[in-house]
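Inspection log for the structure reproduced underneath, given as structure tokens.
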Amino acid sequence: MADIIQLLPDHVANQIAAGEVVQRPASVVKELLENAIDAKATFIKLLVKEAGKTLIQVIDDGVGMSDTDARLSFERHATSKIKSAEDLFLLNTKGFRGEALASIAAIAHVELKTKQDSQEVGTCIVIEGSQVTSQEVVVTPKGTSIAVKNLFFNIPARRNFLKSNAVELRHIIDEFHRVVLAHPNIGFALYHNGSELFNLPVSNYRQRIVNVFGNKTNEKLVPVDETTEIVKISGFVGKPEYSKKTRGEQYFFVNDRFIKSAYLNHAIAAAYQGLLKEGYHATYFLYLEVNPQSIDINIHPTKTEIKFDDEQTLYAILRSAVKHSLGQFNIAPVLDFERDSNLDTAYNTTKVHHPKVEVDRGFNPFSAEKQTIANNAPTHKNSFKKEPSAQWESLYVGLESKSNDTANQFSAVEFESEPEKISIYNETVKDEITYSTYQLNNKYIISTIKSGMLLIDQNKAHQRVLYEDFLKHITVKEAMSQQLLFPLVLHFSKQDIEVIKQLKQDLEYTGFIFQAITKESVEITGVPVSVPESEVSILLEQLVSDVENEVPDANFSVTDLIAKSLAKSLSIKNGQKLNHTEQEHLVNSLFACKEPAISPSNRNTFITMTVDELDKKFV
Ligand code: ADP
Ligand code: MG
């Protein structure tokens, strides 16, 4: 019988290896960021499009590569980081397998530009599915830029297996967090579809954590510091009252590398014993330094698992270090979460106020007017206790059924109230009132309700809010106008002028003031408070075209159309980043609407998912 064993061609071997290294866009992000760190970059920029499905680009200002190295870097087992197997035990670089670039190049379109400091010009290499299609000289700054396009273009099964952009982006951000938290001495920026999600300057560990997770994080952190012969532990754990129901912010780093360890996690949980409510998880950012010879990071290709020589001792040290910190910062006695937090300090001598939620229905985050929202925030800084406010919750009346006339339905959709205390020293009290909203993909706002999860489409929700607002103003024939400093003269076709004349009265009820309407122009001296002056002409053009295109039928109502059109033009668009206050405000305003569940064009403004439904997805 003839011989049947053959050596696999390199590109096939690379594709198979790629399966291990690259599971999803986030894996590429991790490999490229790590390479940039190994190259001693001081600033690393990550650009991502469509959650990495179309582009992942990492630009660093590190040492770069010579033209020969640039070509070699895509070969399998090509690495500058180890020379022999012994080096593995002295490792202080992230990479060492020499597999990442070869694997990535096997399953994507890759463009590498790189230049060393000493070189006049750099090298640009284009590779598609392991085939080098060009290598030429380029002018490029010192450092390396690697763009990975169309991931899995030649493995449709893998490409189809990718999750939605929202999910893949979440994975990328998680990976980004793991890297940036381990390296505060390096600046990082992350852009998604052109918008900046993070810009993190060089700083220290604490500041980096705060820059990533928000200013509020600062006061939640308790430092941990312990040096023993076998390990040096530093970092922070979260105060128990800020613990979360999700395991989100739990980070272990060993020698600057993010690792997962159920065993060490257990050590932390043991340190918190008696301090956390059932089902809550501690937050931690812990940095362990150990002798590289005492660990084996080689046990998993993606290197998030690690084997310690003396795990049991490590467990004991870690637990006591964390316990010690919690105790030292006087956190240990805090056992009763239900107790009255007024008794906490001597400062609470005045009456406790509840936060007031003011509903600004003309809210438009584009307009400068939004400043006034913050001014509505409670000013009683000295005695502030967060409780589920009755006003707040009553806004959610009728969430599940469309009728909002009975208040007793709201038990089903009560907001989850987390045991959260407000620092009496904090200046920005409003910022502290978190109703746990989260913006996803600059498009959806996620919030928790008692029965589960609420997912709001920000654009459709805001259309609903504005629509009801305009409709109300038109119906009650009163509206707030803002006077323009200089009258605005807009030119229209004769036909359009006719339409505007028809709409004039209703438009005036929304807040427009028309000084004159001639054959070809309108002169406007006042606009609704929610309308920025720069938007007026686009807005009227859109309105006129909406009216002209609407087939007048039995349901045709000019007022309705104006309200819909203005709402559409002025609403927060998808892709618009909203800060916490804006998110909360939108949620507030939506549930103050008569019909919060549907947009003016009859689409859902939100969906809910109950815990039961979620549970079912995990069986
Ligand atoms: P590894 O990181 O395991 O060595 P990779 O495939 O990730 O393997 O990279 C191969 C080699 O290419 C690295 O060892 C390094 O010499 C070089 N390299 C990769 N990325 C960069 C970069 N951003 N800057 C400089 N050199 C790089
Ligand atoms: Mg690498």
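The values are calculated or read from the model by the stated rules, or taken from the named source; none is laboratory data. These figures come from a predicted structure and were not determined experimentally. So basically every Cβ, Gly included, is an ideal-geometry build from the backbone, and we count neighbours across all protein chains shown. Heavy atoms of the whole protein, side chains included, go into the accessibility calculation; ligands, DNA and RNA do not. Shrake-Rupley method; radii C 1.70, N 1.55, O 1.52, S 1.80 Å.
Any idea what diffusion coefficient the range 39-150 gets from Stokes-Einstein, in µm²/s, Kirkwood Rh on alpha carbon pairs, 4 °C, 1.567 mPa s?
Working: Rh = 14.5 Å.
It comes out at roughly 89 µm²/s.
Cα gyration tensor of the range 1-85, axes a ≥ b ≥ c as square roots of the eigenvalues: rounded (a/c below 1.5), prolate (a/b > b/c) or oblate? Show your work: numbers first, answer last.
Working: a/c = 2.75, a/b = 1.54, b/c = 1.78.
It comes out oblate by the Cα gyration axes.
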Open item on the list: Let me cross-check Y438: its accessible surface, 1.4 Å probe, with only protein heavy atoms counted, in Å² to the nearest 10?
Closed with: 100 Å²
TODO: Please give the solvent-accessible surface of S571 in Å², to the nearest 10, using a probe radius of 1.4 Å with every protein chain present.
DONE: 0 Å²
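Accessible area, 1.4 Å probe, largest first: how do H281, H324, H183 sort?
On the way: H281 45, H324 100, H183 15 Å².
From most accessible down to least: H324, H281, H183.
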Open item on the list: A 23 angstrom limit on the alpha carbon distance is what I want to check against. Which of K450/K472; K472/K564; K460/K617 exceed it?
Closed with: K450/K472; K460/K617
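Just how many % of Cα pairs in the range 208-328 lie over 24 Å apart, if you round to the nearest whole percent?
I get 24 percent for the Cα pairs in the range 208-328 exceeding 24 Å.
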- [ ] Considering the options I233, T313, F285, tell which one lies farthest towards the positive end of the dipole of the range 208-328, charges being +1 on Lys and Arg and -1 on Asp and Glu at the Cβ, about the Cα centre.
- [x] F285
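In the neighborhood of S294, defined by Cβ-to-Cβ distances under 10 Å, what is the net charge if each Lys or Arg adds +1 and each Asp or Glu adds -1? It would help to have the intermediate numbers written out before the result.
Values: positive: K307; negative: D296, D309, D310.
Here the charged neighbours net out to -2.
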Task: 5 angstrom amide H check on V254, placed H, neighbours 5+ away - done: I259, L288
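I want the local charge near L484. Using Cβ-Cβ distances under 11 Å, sum +1 for each Lys or Arg and -1 for each Asp or Glu among the other residues. Write down the numbers at each step before the final one.
Values: positive: none; negative: E523, E533.
My count for the surroundings of L484 gives -2.
When the accessible area of the range 168-289 is split by element with a 1.4 Å probe, what percent falls to carbon and sulfur?
Numbers: 2270 of 4930 Å².
Whole-percent figure for carbon plus sulfur exposure: 46.
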- [ ] Would you work out the relative contact order for the range 478-619, in percent, from Cα pairs under 8 angstrom that are 6 or more residues apart?
- [x] 19 percent
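Give, as a single signed number, the net charge of other residues whose beta carbon lies under 13 Å from the beta carbon of N150, with Lys and Arg counted +1 and Asp and Glu -1. Please report the intermediate quantities before stating the final value.
On the way: positive: K49, K53, K149, R158, R159; negative: E50, E111, E128.
For residues surrounding N150, the net value is +2.
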TODO: Might you work out the accessible area of K577 for me, using a 1.4 Å probe with all protein chains in place, and round it to the nearest 10 Å²?
DONE: 110 Å²
